[in-house]
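**Student:** Structure incoming, see below.
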Amino acid sequence: MGWAIALHGGAGDIPKDLPPELREPREASLRYCLQIGVDAIKAQKSPLDVVELVVRELENNPYFNAGRGSVLTSNGTVEMEACIMDGNTKNCGAVSGLTAVVNAISLAKLVMEKTPHIYLAFEGAEAFAREQGVETTDSSHFITPRNIERLKQAKEANKVQVDYNTRPIPKDDKTPAPSGDSQLGTVGCVSVDSFGHLAAATSTGGLVNKMVGRIGDTPIIGAGTYANKLCAVSATGQGEAIIRATVARDVAALMEYKGLSLKEAADYVIEESAPRGTTGLIAVSATGEVTMPFNTTGMFRACATEDGHTELAIW
Ligand code: ASP
């Protein structure tokens, strides 16, 4: 038994020759966010607060496809979604179709804490955000030249895609992205404290060039996000495949009904259930195990455990 934390910044076809100037800032962001999470755990924050805090940081970081870095729909708009779940109580909250909320994950937590419901979307979710006084911003905050360029490329290729395309992220959002390289992805965090309490959180802008109104796996309890008394899971990759495979819940179900360890359960889902090339996940168990398998080329990921193990990797 011991605390543990894992986070991801998206899974996909990440080229192995990603140049250092594109790899290093993302690794630095993961390292920074991991440290924030570890410090929060050591300061005795609850796992729910830890995963919210870490995901907020990742949402504020334009290197990832959530919050500030969210990708665009086919209409050039942004529709963010997020989900948070407390393993002990199975309380959970989810949001979709957000156009102006700075931190979707915090709105998901408010849905969980302040409403009789689990999932609010589109106008209703935004009205709730205004009522709760959460920070909102002009949509131009998200609809940057860089994101417009990504959408253009996806349209030209006639593709709806996980945002793994490769082009550099300019330092400021005024500069259109030159062709070259970038790696963006959905973000997530799972955490367990030394009492075995678990929580999971996931946040995303979805897929580049997605249809307006499309909802992916991220906010779907049991698909992109799940936590119970055994484990907490956050998935990333092609949402439609993840929903079909009920990825996050299947990990928990294999532990619950078949007595598999966290690693066995997660490996089974990634290797046998989710189609190859579609899915990655991070998971922690009540006993402090961590696993981060994926069947894509790579997944931006990092973890730390109480016994001193830390890891940060892409491939
Ligand atoms: N799973 C997300 C979605 O389909 C995308 C991602 O993980 O990058 O919306």
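The values are calculated or read from the model by the stated rules, or taken from the named source; none is laboratory data. From a predicted model like this one, the values you see are computed outputs, not experimental measurements. Please note: Cβ atoms are built from the backbone with ideal geometry, for glycine as well, and neighbour counts cover all protein chains shown.
**Student:** Here are some residues: 27, 81. Which one is among the charged types (D, E, K, R) and more than 13 Å from residue 188 (Cα to Cα)?
**Tutor:** Only one candidate passes the filter, namely 27.
**Student:** Now a separate question. Applying the selection to the stretch 115-129, what residues are of a type outside the set (Gly, Ala, Ser) and surrounded by 12 or more Cβ atoms within 10 Å (Cβ to Cβ)? Reasoning before the result, please.
**Tutor:** Looking only at the stretch 115-129, we keep the residues that are of a type outside the set (Gly, Ala, Ser), and these are 115-120, 122-123, 126, 128.
If the condition is that a residue be of a type outside the set (Gly, Ala, Ser) and surrounded by 12 or more Cβ atoms within 10 Å (Cβ to Cβ), then 115, 117, 118, 119, 120, 122, 126, 128 are the ones that fit.
**Student:** Considering each of 280, 288 in turn, give the residue that is of a type outside the set (S, T, N, Q), touching a residue at least 24 places away in the same chain (Cβ under 8 Å) and assigned to a loop (DSSP other than H, G, I, E, B).
**Tutor:** Numbers: 280 fails: assigned to a loop (DSSP other than H, G, I, E, B).
Of the residues listed, the single one that is of a type outside the set (S, T, N, Q), touching a residue at least 24 places away in the same chain (Cβ under 8 Å) and assigned to a loop (DSSP other than H, G, I, E, B) is 288.
**Student:** If you don't mind, another one. Considering (1) outside any loop (DSSP other than H, G, I, E, B); (2) at pLDDT below 95; (3) not hydroxyl-bearing (Ser, Thr, Tyr), say which one residue 15 fails and leave the rest.
**Tutor:** Every listed condition holds for residue 15 apart from (1).
**Student:** Could you pull out every one of the helices (runs of 4 or more DSSP H) wholly within the stretch 90-207 that has 3 or more residues that are modelled with pLDDT of 95 or more and within 15 Å of the ligand (Cβ to nearest atom)? It would help to see each step written out before you state the result.
**Tutor:** Numbers: elements: 104-114, 122-132, 145-156.
By residue number, 104-114.
**Student:** All but one of (1) more than 22 Å from residue 288 (Cα to Cα); (2) part of a helix (DSSP H, G or I) hold for residue 76; which doesn't?
**Tutor:** Against the list (1) more than 22 Å from residue 288 (Cα to Cα); (2) part of a helix (DSSP H, G or I), residue 76 comes up short only on (2).
**Student:** Also: Only one of these conditions is not met by residue 275: (1) assigned to a loop (DSSP other than H, G, I, E, B); (2) of a type outside the set (Phe, Trp, Tyr); (3) touching a residue at least 60 places away in the same chain (Cβ under 8 Å). Which number is it?
**Tutor:** (3)
**Student:** Where residues in the stretch 221-243 are surrounded by fewer than 24 Cβ atoms within 10 Å (Cβ to Cβ) and part of a loop (DSSP other than H, G, I, E, B), which of them is nearest to the ligand (Cβ to nearest atom)?
**Tutor:** Filtering the stretch 221-243 for residues that are surrounded by fewer than 24 Cβ atoms within 10 Å (Cβ to Cβ) and part of a loop (DSSP other than H, G, I, E, B), the one nearest to the ligand (Cβ to nearest atom) comes out as 238.
**Student:** Sticking with this structure for a sec: Any residue at all in the stretch 65-74 that is out of contact with any helix residue (DSSP H, G or I) (no Cβ under 7 Å at 6 or more places or on another chain), surrounded by fewer than 24 Cβ atoms within 10 Å (Cβ to Cβ) and modelled with pLDDT of 90 or more? So that I can check it myself, show each step before the final result.
**Tutor:** To start, the set of residues in the stretch 65-74 that are out of contact with any helix residue (DSSP H, G or I) (no Cβ under 7 Å at 6 or more places or on another chain) comprises 65, 69-70, 73-74.
Those still in the list that are surrounded by fewer than 24 Cβ atoms within 10 Å (Cβ to Cβ) too: 73-74.
Still in the list and also modelled with pLDDT of 90 or more: 73-74.
Within the stretch 65-74 (the criterion being out of contact with any helix residue (DSSP H, G or I) (no Cβ under 7 Å at 6 or more places or on another chain), surrounded by fewer than 24 Cβ atoms within 10 Å (Cβ to Cβ) and modelled with pLDDT of 90 or more), the answer is yes, since at least one residue qualifies.
**Student:** Sticking with this structure for a sec: Restricting to the stretch 208-220, name every residue that is touching a Phe, Trp or Tyr at 6+ places or on another chain (Cβ under 9 Å) and within 12 Å of the ligand (Cβ to nearest atom). Break it down into steps so the answer makes sense when it comes.
**Tutor:** Step one: of the stretch 208-220, the residues touching a Phe, Trp or Tyr at 6+ places or on another chain (Cβ under 9 Å) are 213, 219-220.
Across the stretch 208-220, the qualifying residues are 219, 220.
**Student:** Which residues, counting only those in the stretch 292-315, are in a loop (DSSP other than H, G, I, E, B) and touching a Cys at 6+ places or on another chain (Cβ under 7 Å)? Walk me through it before giving the result.
**Tutor:** Residues of the stretch 292-315 in a loop (DSSP other than H, G, I, E, B): 292-293, 295-297, 306-309, 314-315.
Correct list: 292 only.
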